[in-house]
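Trainee: Structure provided below as structure tokens; questions to follow.
The values are calculated or read from the model by the stated rules, or taken from the named source; none is laboratory data. Source: prediction; values computed, not measured. Remember, those area values only see protein heavy atoms, side chains included, never the ligands or the DNA or RNA. Shrake-Rupley method; radii C 1.70, N 1.55, O 1.52, S 1.80 Å.
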Amino acid sequence: FLGMVQKLDQKLPVANEYLLLSGGVREGVVDLDLDELNVYARGTDYDMDFTLLVPALKLHDRNQPVTLDMRHSALCHSWLSLRLFDEGTISKWKDCCSIVDHINGATNYFFSPTKVADWFYDSISIVLSEIQKKPQRGMPKVEKVEKNGTIISIILGVGSSRMLYDIVPVVSFKGWPAVAQSWLMENHFWDGKITEEEVISGFYLVPACSYKGKKDNEWRLSFARSEVQLKKCISSSLMQAYQACKAIIIKLLSRPKAISPYHLRSMMLWACDRLPANYLAQEDYAAHFLLGLIDDLQHCLVNKMCPNYFIPQCNMLEHLSEETVMLHARKLSSVRSDPAEHLRTAIEHVKAANRLTLELQRRGSTTSIPSPQSDGGDPNQPDDRLAKKLQQLVTENPGKSISVFINPDDVTRPHFRIDDKFF
């Protein structure tokens, strides 16, 4: 799909690098807690979910002048000026910019997250329409395409599975932003476990504005690439506690919107910096860690203070009202009084969703009809082969970065890169 989008108007970089994260935007894998997101239910709407960060602009050249304009934005946010870019780039993206004319006659082009998202959705819609006119064997069935604010959500049917992709247009940078430079000067739990080069290899601007910002111009700084690296240094028992805590609070504290899974992830990273490494390494302490995360969350709520892990001067809860804070603090107190019961309830919900998924799959297999996008052969064979190959690579190369490059003219022959080695 994305290869065909690039062909439409050559806006997307030809040699692009997409970051695929396990879990959708609703799971808190990136700091994108948008009000416009539709509610999807695992089991009913999808079986697996992913977030795909797609660079619309890829600023990896050290000689490329970049102007992050933070004068008009809250902490952790920025406008992106194209004023210093070459004429070709400005001409290509002019229709996706907010144009500001200055008194001295100069014109400034600010890359607009809302206009980029509109362009991206329109381009994907055109591509999907073309695919439906000329179906190819092995192409997944597109079950749903929706635009949720600046995110495009696509549900694909592959065999008996439904995969949700939240596709996010971003601006990709190599290196590290000056606003987060002081964070590097501190001691962290990952010191000595992974290199600083792995942690600060790049960052993104994602299309999300602050609570008082201008939606058409403001992007949010995201360190998703770094977070993937830091996750390698977190013990399995703490990750279990994080998943359990997320399962408990994700619905309980969803209305009114205040706490997202991303807040919880940030608290977990701060806990890793604060607590002794030998304590966090205890394999049978998952229950202790769960209680600790609930207590940390309660403390953050009551004090209306949750610093961004990479830019600590940015408080991610300062916009909350006292009424909302106290409402959620009371709900969390009920969880703390009997966490086992709340966890059992969360597990029962997951079991119910799994039962529903199996029932829908069973019905689908008994009333199977050929997909309109197949030509009567086995429509899923190329997908199954690719999935098996990727599973083998993941199993044989634990902890390594695996990228897949697919030629849009021949999707049956992917190329793989493991770290820096191609084959």
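Trainee: Roughly how far apart, in whole Å, are the Cα centres of the stretch 256-270 and the stretch 191-247?
Mentor: Between the Cα centres of the stretch 256-270 and the stretch 191-247 lies a distance of 11 Å.
Trainee: Also, quick follow-up: Report, in whole Å, the centroid distance computed from the Cα atoms of the stretch 19-81 and the stretch 315-349.
Mentor: 26
Trainee: Once you've got the Cα coordinates, tell me which of Lys141/Lys214; Lys133/Lys351; Lys215/Lys246 are over 32 Å apart.
Mentor: Lys141/Lys214; Lys133/Lys351
Trainee: Per-residue HN-Hα couplings for the stretch 175-190, Karplus 6.51 cos²θ - 1.76 cosθ + 1.60 at θ = phi - 60°, whole Hz, x for Gly and Pro?
Mentor: Values, residue by residue: x, 9, x, 4, 5, 10, 5, 5, 4, 5, 7, 8, 7, 9, 5, 8 Hz.
Trainee: Also: Would you rank Ser91, Ser81, Ser73 by solvent-accessible area, highest first, keeping every protein chain in place and using a 1.4 Å probe?
Mentor: The ranking, largest first, comes out as Ser91, Ser73, Ser81.
Trainee: Applying the Karplus parametrisation 6.51 cos²θ - 1.76 cosθ + 1.60 with θ = phi - 60° to the phi angles of the stretch 277-282, what ³J(HN,Hα) value in whole Hz is obtained for each residue in order, glycine and proline being reported as x?
Mentor: 4, 5, 6, 5, 7, 5
Trainee: Let me ask something additional. Protein chains only, probe 1.4 Å: how do Asp296, Asp35, Asp191 rank by accessible area, largest first?
Mentor: Asp35, Asp191, Asp296
Trainee: Using protein chains only and a probe of 1.4 angstrom, how many square angstrom of Lys257 are accessible, to the nearest 10?
Mentor: Accessible surface of Lys257 is approximately 80 Å².
Trainee: Can you sort Tyr211, Tyr204, Tyr109, Tyr285 by 1.4 Å-probe accessible area, starting with the largest?
Mentor: Putting Tyr211, Tyr204, Tyr109, Tyr285 in descending order of accessible area: Tyr211, Tyr285, Tyr109, Tyr204.
Trainee: Treating cross-link reach as a plain straight distance, find the lysines whose alpha-carbon is under 21 Å from the alpha-carbon of Lys421, omitting any fewer than eight places away in the same chain.
Mentor: Lys174, Lys232, Lys388, Lys389, Lys400
Trainee: At a probe radius of 1.4 Å, what is the per-residue accessible area of Asp122, in Å² to the nearest 10?
Mentor: Taking all protein chains as shown, Asp122 has close to 90 Å².
Trainee: Let me ask something else. Using a 1.4 Å probe on the protein heavy atoms only, what accessible surface does Lys58 show? Give it in Å² to the nearest 10.
Mentor: Estimated to the nearest 10 Å², Lys58 gives 70 Å².
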